[in-house]
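See below for the structure under consideration.
The values are calculated or read from the model by the stated rules, or taken from the named source; none is laboratory data. Just so we're clear, the structure is a prediction, and the values are computed from it rather than from any experiment. Glycine gets a Cβ as well: all are built from the backbone with ideal geometry, and neighbour counts include every protein chain shown.
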Amino acid sequence: MNIPRSALPLPLAALLLLSGCAGGGRPAAARAGGAIPRPSADLPLIVKGFDVSAAEVPSEEGEAPWIAGAKKNQARDYIAAALVRELRSGGLNSMPYIEGAAAPDNALIIDGAISAVSGGKESVSIKASARIYAAGSPANVISEFGTRASAGGPEKWDVLASKAADLLARDVAARMFTETFSGPSR
């Protein structure tokens, strides 16, 4: 990807420089664990549903086998919606990924993988990894890290999973960018 730096918004140019995309030649696949500079409020952040194909979800006694798959999908949907809400509450331009729709060229994509969803009647824990990359360059990861969140209480599984997803989204947003999400960027 050879994009003239002058054609990019400043925050995206800085992010692409960090990831090796802005210069000529073949970009290096960057794997960073730390936070990156907070993007401008108008930069599109597309949130994709986290991959659940490798997630482990133990079945509770007496549950039908298909319920584990439904729980994985429900956790995926909760995390994506919670992450969009969390980023928007911080003044960023986040939106859910729409299958088949082209992302703007200057967009950053946030996705990840859920490795485990555990718990039962009184608690739910979600373990996942998250990453961010420039649209069109999924192999050129700008930032990537693991995270987990748990929620407990007397509520049903779906309520606890939603609470755990909210906590996980809050952690992803806080760890992804170097500035906090207390309000719009200055």
Somewhere in segment 119-129, is a residue of a type outside the set (A, V, I, L, M, F, W, C), in contact with a Pro (Cβ under 7 Å, 6 or more places away or on another chain), modelled with pLDDT under 90 and in a strand (DSSP E or B)? no
Close pairs (8 angstrom Cβ cut-off, 6 or more residues apart or separate chains): more than 15 Å from Arg175 (Cβ to Cβ) and among the aliphatic types (A, V, I, L, M) in segment 28-42, at pLDDT below 85 and exposed (fewer than 14 other Cβ atoms within 10 Å of the Cβ) anywhere: Ala41/Pro184
May I ask you to list the residues in segment 134-147 that are within 30 Å of Asp158 (Cα to Cα), surrounded by fewer than 23 Cβ atoms within 10 Å (Cβ to Cβ) and in contact with a helix residue (DSSP H, G or I) (Cβ under 8 Å, 6 or more places away or on another chain)? Phe145, Thr147
Quick one: in segment 120-133, of everything that is over 10 Å from the mean Cα position of the chain (by Cα) and buried (at least 21 other Cβ atoms within 10 Å of the Cβ), which residue is nearest to Pro44 (Cα to Cα)? Tyr133
Name every residue in segment 77-89 that is under 19 Å from Thr147 (Cβ atoms) and surrounded by fewer than 21 Cβ atoms within 10 Å (Cβ to Cβ), in order of residue number. Asp77, Ala81, Val84, Arg85, Ser89
Just a yes or no: is a residue in segment 95-110 among the β-branched types (Val, Ile, Thr) and in a strand (DSSP E or B)? yes
Neighbours by Cβ (under 7 Å, 6+ apart or cross-chain): first from segment 118-138, within 14 Å of Pro104 (Cα to Cα); second part of a loop (DSSP other than H, G, I, E, B) and of a type outside the set (S, T, N, Q): Ala134/Cys21; Ala135/Ala103; Ala135/Pro104; Ala135/Asp105; Ala135/Ala107; Gly136/Met1; Ser137/Met1; Ser137/Cys21
Return yes when Ser89 is of a type in the set (S, T, N, Q) and under 23 Å from Ile36 (Cβ atoms) and no when it is not. yes
Single residue of Ser59, Ser53, Ser115 found to be in a strand (DSSP E or B), more than 12 Å from the chain's Cα centre (by Cα) and modelled with pLDDT under 95: Ser115
